[in-house]
Amino acid sequence: MENSTQVKLFYLFGLKETFNNKSVYFILSLITYLLIITVNLTLIITIIQEKVLHEPMYIFLCSLCVNGLYGTAGFYPKFLLDLQSDVQVISYGGCLTQAYVIYTSVLCEISTLTVMSYDRYVAICRPLLYHTIVTSLTVRKLLLLSWCYPLFAGLISLISAVRIPLCGSRIDKIFCDIPSMLKHACLPITINPILNKCIIVVHFLQILFIVFSYCKIVRTCVKSAKGRTKFTQTCVPHLITMVIFITVTLFDTLQGWNSNVNITLNMRNAMAVQFLVIPPVFNPLIYGLNLHQIRSAVFRKCNAHKTIDVRH
């Protein structure tokens, strides 16, 4: 307990095996972050400005892109700074903030994917009742739920973590998370693992709902060529993104609470950072720009800007 009052800084040791290639990692990470900002902002601005895209499917996609920018903002600026530093340190408050932002971003991603699967289920399986079921009020409620639940769950986890005294400051990752911090708890902890298991159960229920929705969607779509085309255009990219995201986040969650996972530090970092690279980049590309309406709107705006530049 006496040592716990001295934990003012955390030392991030996730980059200790990459000192010889830090400049390469910096360039790749900077390009990735700029790409994430560009593609997500492009999709967000396009959906906001184009009235024809003010439909539930595109609104939920816009929320997904906003969450991509939110989550990566909690990781990349600090990571890029660490790649330029000899010692990777972060303050106690900064570590808690980063852990909260990344954690709530993960929760929000899964919640939004669940909401999107419900929207696709109603649109494909009950098309005649779609505008009756998915009203503007329903959309607002679903958006509120997909954001409020993650932010509240993250706040509860954060408060429970702050109350625990720490006797160490080493984190063997490239970013802060609550499990890594609580490995240095001076006292036995019980509430945080229980909270973590509860949240995993909620995620499992969400995944079951998504699987159920897509089983219904597939059963409906295979009955006609038009249905199969609609499924391929609007659902397959969603499924690919969802499977990748759930796989990498599940891995990071399990290895975060289980220190006996026998893999190299570089491999652990590569797997842990996937949910901060793949979804923010590929959500707008393979899901957003794959939709004809969004692709047409983006190309139309690009052509309009080119025309204005030529005139000037």
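Read the figures in this text as sums done on the coordinates, not as results from a lab. This one's a predicted model, so the numbers in the text were calculated from it and none came from an experiment. Neighbour counts are summed over all protein chains in view; Cβ atoms, including those assigned to glycine, are modelled from backbone coordinates with ideal geometry.
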Taking the Cα centre of segment 3-311 as the origin, how large is its charge dipole in debye, to the nearest 20, when only Lys and Arg (+1) and Asp and Glu (-1) carry charge on their Cβ atoms?
-> 880
Assuming R0 = 35 Å, what is the FRET efficiency of Lys226 and Cys198, from their Cβ-Cβ distance, to the nearest 0.05?
-> 0.25
Per-residue HN-Hα couplings for segment 113-130, Karplus 6.51 cos²θ - 1.76 cosθ + 1.60 at θ = phi - 60°, whole Hz, x for Gly and Pro?
-> 5, 5, 4, 5, 5, 5, 4, 5, 4, 5, 5, 9, 8, 9, x, 5, 9, 4
Sequence of Met271, Met57, Met116, Met181 once ranked by neighbouring C-beta atoms within 10 Å, starting from the fewest = Met271, Met57, Met181, Met116
Sorted from fewest to most neighbouring beta carbons within 10 Å, what does the list Asp119, Asp86 look like?
-> Asp86, Asp119
Along the positive direction of the dipole of segment 48-202 (beta-carbon charges: Lys, Arg +1; Asp, Glu -1; about the Cα centre), which of Pro77, Leu96, Ser111 reaches farthest?
-> Ser111
Using R₀ = 22 Å, calculate the FRET efficiency as 1/(1 + (r/R₀)^6) where r is the Cβ-Cβ separation of Leu137 and Lys51; round to 0.05.
-> 0.70
Project the alpha carbons of segment 3-311 onto their principal axes and report the range along each, largest first, in whole Å.
-> 64, 52, 33
Under 19 Å by backbone N from the virtual spin label 7 Å along Cα-to-Cβ at Leu129, the residues of segment 188-216 are 209-210, 212-216
Euclidean distance between Cα centres, segment 45-61 to segment 201-227, Å = 24
In debye, nearest 20: dipole of segment 41-176 around its Cα centre with unit charges on the Cβ of K, R (+) and D, E (-)?
-> 340
Of Val66, Ile194, Leu53, whose Cα points farthest to the positive end of the dipole of segment 3-311 (charges on the beta-carbon: +1 Lys, Arg; -1 Asp, Glu; origin at the Cα centre)?
-> Leu53
Would you mind checking which residues have amide H under 5 Å from Asp172's amide H? H placed 1.01 Å from N; only 5 or more apart, or other chain.
-> Phe13
Given backbone amide H placed at 1.01 Å from N, residues whose amide H is under 5 Å from that of Val89, ignoring those fewer than 5 places away on the same chain, are Leu12
